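Notes to accompany the following structure.
The values are calculated or read from the model by the stated rules, or taken from the named source; none is laboratory data. Given the structure is predicted, the values throughout are model-derived calculations rather than measurements. Glycine gets a Cβ as well: all are built from the backbone with ideal geometry, and neighbour counts include every protein chain shown.
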Amino acid sequence: MQLIIEAIGFGIATGAVIALGAVGFSVQFGISNILNITYGSLMTLAAYVGLLLIEHGVNAWLALVLGAAVVGVVSVVYHRALLAPLVRRGTRAIAMVIVTVSAGIILQYVIVSFAGPESHSYGEQSGSTLHLIGFTLSAGQVAIIVLTASLMLGLHLLLTRTTLGKAMRATSSNRTLARSCGISTDRVSDIAWFISGSLCGAAGVALAITTVSFDFSLGSLFLIPMIAAAVLGGIGQPYGAMLGGLIVGVSSEVAAAVSNPNYKDVVAFMILIIMLLVRPRGLFGAAWSTRRLMEG
Amino acid sequence: MAWEYYLVVMLVYLGTDLLAVWGLNLEFGVSGVANLAYIVVVAAGAYTFAICTLGPSSGNGGFQTYIGGFTLPFPVALLAGALAGAVVGTLIGVTGLKRLRQDYQAVAMLVVSLMVATVVSADTGFLNGSAGLALIPNPFADLDPEVARWAYVGVVALCCLIGFLVLRRFTTGPIGRTLRAMRDDDTAASAAGKNVIGLRLVVQAVGGAFGGLSGALLAGFIGGWSPSAWVYIETLAFLSCVIVGGMGSDRGVSLGTLIIAVLLLQGVQFLPQISSSPGLSEDFGWIILGTSTIIFIWFRPQGVLPERRPRYLRKSSSQSPG
């Protein structure tokens, strides 16, 4: 039983990072209707940018902010220069997936060419371990949970209390109608991609902080759980992605604790496939969004 | 001598790549089935070939554990590999039957591919986990090595010839037209009375058979097979050949395979070796692959040799066709 409680604790820590990434992925899909598989390699990029900064003596949390900003900018440029023009020309959705997967491969192997295939580490995390309600978490993990929670709160406030947030929600819901209402959808898209790209970068650096060591496959390893979380919550719904992240994180860790740890990732895979086959709109996807997901 | 060996390797790889690309083209280019888990059928064929030709797992000192071990002759094992590819292809096809957006299905297929690889790697008793299977017997082991190598090239060439003839039965003629109709508008095809679901499953079975045969031939040549040979991005390599060459066109994708698999991926081997990064040429290969795919989708999505749209003779009339 103690094992399961500890696993739940780990699950919350992992789930927080997965939620962070899943929200960014979900926002990108909501705004542009693209399943951006390059997301994984962008997280890897952030992790390595963070590594570079840390090796030059920058504090890990500042490195997280800078890494997030770098990937935010890269995401905006990527969307503007490659993805948006292809969509405008009427490229089919399947071709867009192939493009984003290919871009992810290119980015991943460019990183390998520069940084090498060996594992790297951010180094020993100093700080105490905390014991809360039976969970045993390191200070770093708690910090990540707090960070994720504040970023989610910030996003919530942005989406609900600001005009920009309203514009983002409108563009997400019906782009043409939003444009008819005078919303500059291109600019809103750029901002949305910067925000979601920053979340992607933050998730990448956070992953590198919480794992003992990582290599160039970091992003692609965690991308699937993030997509699973996003789909579970209802793709395009940031709040769903947050809850989805927690569910995926906790269930993976608990499953690993009670059975073979090698199968930890399989839980996320199964969640994703079952959701796609049984209920593609996710737990919180509205019925109208099913139109987007079915043949079209 | 080294040149001769290199040529043999390249020819075998070309042959097996052609078989796989033909299968994927049948599924994706001709029939519109986005099977991004294609590499799984190749792996199924390779593993089945291995467990058919290997002896029981306790043999060779028992350093690998796996199911099967039937010590069957080479041709039987090849057929078994193709059959396994067909079965696995059909199973994958069943999961893709729900009518989702194509890109959702594509991502689901990628996840299936990743999941199968994870499960096979994790379960050490099934197919020897992440270490894979080794010491797969070569059918020509008794012959002089040079003759044995060229004999294998001959076998691959024969399989390609037979495979191509079978392929043409599906990509041309009435079946080909039906498949293309299904690809272009499956609702219309269904309304015209075509059994779209049945056709999809048949196509995935046949495409899977091609992939399985490809994997079986490859496993027999290399003598080993492990999960590192079929990471989920390998499907992208085949997809790249299809897109660059010309989706839906057999000649096109054959040319695409020649360009990508032979010219580009082998060409990078000849770049000057940078001693600090020994794996650079392989990484570069992937970068080139991804870049070519994106360049072609951007500039020339129909590929180098586009699919020829059928032209039907107009009925002669007093007016000239205008």
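Points worth noting:
- In region A:96-115, residue nearest to the chain's Cα centre (by Cα) [restricted to those that are over 22 Å from A:VAL188 (Cα atoms) and more than 7 Å from every other protein chain (Cβ to nearest Cβ)]: A:GLY104
- B:THR71 being closer than 24 Å to A:LYS264 by Cα, more than 14 Å from every other protein chain (Cβ to nearest Cβ) and either without any contact (Cβ under 8 Å) to a residue 12 or more places away in the chain or over 17 Å from the mean Cα position of the chain (by Cα) (or both): no
- The residue that is farthest from B:TYR66 (Cα to Cα), counting only those in region B:125-146 that are exposed (fewer than 15 other Cβ atoms within 10 Å of the Cβ) and without any contact (Cβ under 8 Å) to a residue 60 or more places away in the chain, is B:ASP144.
- Taking the conditions (1) modelled with pLDDT under 95; (2) in a helix (DSSP H, G or I); (3) not hydroxyl-bearing (Ser, Thr, Tyr) in turn, A:ILE183 satisfies each one other than (2).
- Failed criterion for A:GLY123 (all others in (1) free of Cβ contacts under 8 Å to residues at least 40 places away in the same chain; (2) more than 14 Å from chain B (Cβ to nearest Cβ); (3) at positive phi hold): (1)
- Scanning region B:157-166 for residues that are of a type in the set (Val, Ile, Thr) and under 23 Å from B:PHE70 (Cβ atoms) yields no hits at all.
- Residues in region A:56-95 that are more than 22 Å from A:GLY204 (Cβ to Cβ) and either in contact with a Gly (Cβ under 9 Å, 6 or more places away or on another chain) or in a helix (DSSP H, G or I) (or both): A:ALA84, A:PRO85, A:LEU86, A:VAL87, A:ARG88, A:ALA93, A:ILE94, A:ALA95.
- Some residue of region B:181-195 being exposed (fewer than 15 other Cβ atoms within 10 Å of the Cβ), more than 24 Å from B:GLY68 (Cβ to Cβ) and β-branched (Val, Ile, Thr): yes
- Matching option when the condition is at pLDDT 85 or above and touching a Gly at 6+ places or on another chain (Cβ under 7 Å), among A:LEU232, A:LEU221: A:LEU232
- Extreme residue, nearest to the other protein chains (Cβ to nearest Cβ), among residues of region A:78-95 that are within 24 Å of A:LEU20 (Cβ to Cβ) and more than 18 Å from the chain's Cα centre (by Cα): A:LEU83
- Residue in region A:61-74 that is closer than 30 Å to B:PHE238 by Cβ and within 14 Å of another protein chain (Cβ to nearest Cβ) present: no
- Within region B:290-322, being modelled with pLDDT under 90 and more than 17 Å from B:GLY252 (Cα to Cα) holds for B:ARG311, B:TYR312, B:LEU313, B:ARG314, B:LYS315, B:SER316, B:SER317, B:SER318, B:GLN319, B:SER320, B:PRO321, B:GLY322.
- Conditions (1) farther than 25 Å from B:SER249 by Cβ; (2) within 14 Å of chain A (Cβ to nearest Cβ); (3) not in a helix (DSSP H, G or I); number of the one not met by B:VAL33: (1)
- Residue match in region A:231-252 (condition: at the interface with chain B (Cβ under 10 Å from one of its Cβ atoms) and crowded, with 23+ Cβ neighbours inside 10 Å): yes
- Checking A:LEU35 against (1) within 14 Å of another protein chain (Cβ to nearest Cβ); (2) among the aliphatic types (A, V, I, L, M); (3) touching a Cys at 6+ places or on another chain (Cβ under 8 Å), the condition it does not meet: (3)
- Among the candidates B:ALA77, B:ALA44, residue that is at negative phi, under 15 Å from the mean Cα position of the chain (by Cα) and not acidic (Asp, Glu): B:ALA44
- When A:TYR39, A:TYR48 are screened for being crowded, with 20+ Cβ neighbours inside 10 Å, at pLDDT 90 or above and over 16 Å from the mean Cα position of the chain (by Cα), only A:TYR48 passes.
- A search for C-beta distances below 7 Å between a residue of region A:257-284 that is within 7 Å of chain B (Cβ to nearest Cβ) and any residue that is modelled with pLDDT under 85 and outside any helix (DSSP H, G or I), counting only pairs 6+ apart in sequence or on different chains, returns A:LEU276/B:LEU100; A:LEU277/B:LYS98; A:PRO280/B:LEU100.
- Reported count of residues in region A:1-50, each being touching a residue at least 12 places away in the same chain (Cβ under 8 Å) and not in a helix (DSSP H, G or I), is 6.
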